[in-house]
Amino acid sequence: VADDVAASGFTLVEGGITNAGSSFDQTVVMFTRGNERAAKKLARDLGVTAVQEINPEIRRAVADLDPDVVVIAGEDRTRS
């Protein structure tokens with residue numbers, strides 16, 4: 001997923017790639033206020049339909065990284 005994000009012209013934040021303690025069924029692109037357009041572009045490039053404003057749980061998890069857009073890679077990205 002990181003390679004796909006970089007190929008779309010987005011910069012990966014150092015230390016921003018991690019494995020979550022829980023799994024997600026569907027890949028989601030989340031955005032912080034003012035970054036919806038970028039999130040929609042990235043979602044389109046990745047073939048992701050779920051785009052939403054970042055929720056409080058994820059905001060806390062990435063607060064020290066201060067991202068504009070967050071990609072939560074779901075189980076759908078691992079299916080062939």
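The values are calculated or read from the model by the stated rules, or taken from the named source; none is laboratory data. Just so it is clear, the model here is predicted, and its values are computed rather than measured. Cβ sites come from the backbone with ideal geometry, for glycine too, and all protein chains shown count toward neighbours. Surface accessibility is based on the protein's heavy atoms, side chains included, excluding ligands, DNA and RNA. Shrake-Rupley method; radii C 1.70, N 1.55, O 1.52, S 1.80 Å.
Filtering region 35-65 down to residues that are closer than 22 Å to Glu14 by Cα, without any contact (Cβ under 8 Å) to a residue 40 or more places away in the chain and assigned to a loop (DSSP other than H, G, I, E, B), which residue is most open to solvent (accessible area, probe 1.4 Å)? Across region 35-65, the extreme among qualifying residues is Asp64. Among residues of region 66-80 being in a loop (DSSP other than H, G, I, E, B) and over 10 Å from Val28 (Cβ atoms), the one that is least open to solvent (accessible area, probe 1.4 Å) is Pro67.
Residues to consider are Thr32, Thr27; find the one that is closer than 18 Å to Arg77 by Cβ and modelled with pLDDT of 90 or more.
Just a single option satisfies the conditions, and that option is Thr27.
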